[in-house]
Every structure is written in C-alpha cells, then in structure tokens.
1. Once both axes come from the Cα atoms, what is the angle between helix 94-109 and the longest principal axis of the chain, in degrees from 0 to 90, rounded to 10?
2. Would you mind ranking 88, 1 by Cβ crowding within 10 Å, fewest neighbours first?
3. Treating each Cα of the chain as an identical point scatterer and ignoring solvent, apply the Debye formula and state log10 I(q)/I(0) at q = 0.16 Å⁻¹.
4. Shape of segment 41-106 from its Cα gyration tensor (a ≥ b ≥ c, root eigenvalues): rounded if a/c is under 1.5, otherwise prolate when a/b > b/c, or oblate?
5. Where in the chain lies the longest segment free of trypsin sites (Lys or Arg not before Pro) that are both loop residues by DSSP (not H, G, I, E, B) and have at most 15 other Cβ atoms within 10 Å?
6. For n ≥ 4 DSSP H runs only, could you compute -39500 (n - 2.57) per run for the chain, divide by its residues and tell me the 222 nm figure to the nearest 500?
7. Find the relative contact order for the chain and round it to a whole percent, using C-alpha pairs within less than 8 Å whose residues are 6+ positions apart.
8. Using a Förster radius of 22 Å, what is the FRET efficiency between residue 115 and residue 54 based on their Cβ-Cβ separation? Nearest 0.05, please.
Amino acid sequence: MSITLNTKVYDYQGFTPGNATLYKETSAGVPAGFSLLTARNTSAIGKDGREVVKWYLKLPLVATESTSCSCIGELLGEPDTVEITIKMDPSRSPAQRTDLRTRITNLTATAEFIASVQTLKQPTA
C-alpha cells in the first residue's frame, strides 16, 4: 500500500526496528533525498495510560545541479521534519475519535495554520 502526499508517493516498506510503519518516497533519485514517513501506535504506555499515535515526516532537500558549494545529490542542510503526536484515553468512542481526527484535518486547512508554515510567524488573532 502507498500514501500520496502532494503528488509524492510514499511506498510501504515494512516496519522499523522500533516497530513503526515505514513508507519511503524516492523521486529524488539518490538515498540522501529519500523522504521518509513513519507511523506508530503505542497502546496505553506511560503513566497516564493514554494511547499514543505518532506520525513523523522527513523532507530532505538535495542539490539538483553541481555548484561551487555542492554536488548533485548532496544534502542541502538539515531535512525539514513534521511530527504529529496524539495522546488520547483509550476509552474514547469512535465518534469522539472521528471528532478529533476531523479537528486535526480542519486545523491544517485554516488560514492561521497555513500562514504559520508559509510565513513562519505565529498566529496573533
């Protein structure tokens, strides 16, 4: 199975040594430019007994042409990363879980969220 994010296809790779599900997007053509997506659900671990759902997205940027500073395929700085962590009581109903998921979807579509990513400025209103 694969997941498509903004036209980039992340193919299922199996599990990491830490038991996270791993997906990989390889359109950069070189391993340094491969984008990784992982997901891990942890059942009731931690002192509060809540379920933990974590998604992690790594977006490296590699040189597409040689310059005096870098060669083709060379990593250009640290990769961009996205981390989403959800902690919830395992007794939540399916309706409550749907509500949470819908709110996350709606949040990422708001002008405030979009502007915070595009302009790197915190929302002020």
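Throughout, read-outs are computed from the coordinates displayed, never taken from laboratory work. Not measured: the values here are computed from a predicted model. All Cβ positions, glycine included, derive from the backbone under ideal geometry; neighbour counts span all protein chains shown.
1. With both axes taken from Cα atoms, the answer is about 40 degrees.
2. Ascending number of Cβ neighbours within 10 Å: 1, 88.
3. -1.02
4. Prolate is the answer for segment 41-106, as a/c is 1.5 or above and a/b outweighs b/c.
5. After excluding every exposed loop site, the longest remaining stretch is 1-46.
6. So the calculated ellipticity at 222 nm is -6000 deg cm²/dmol.
7. Taking the mean separation of contacting Cα pairs over the length of the chain, I get 15 percent.
8. In this case the efficiency is close to 0.30.
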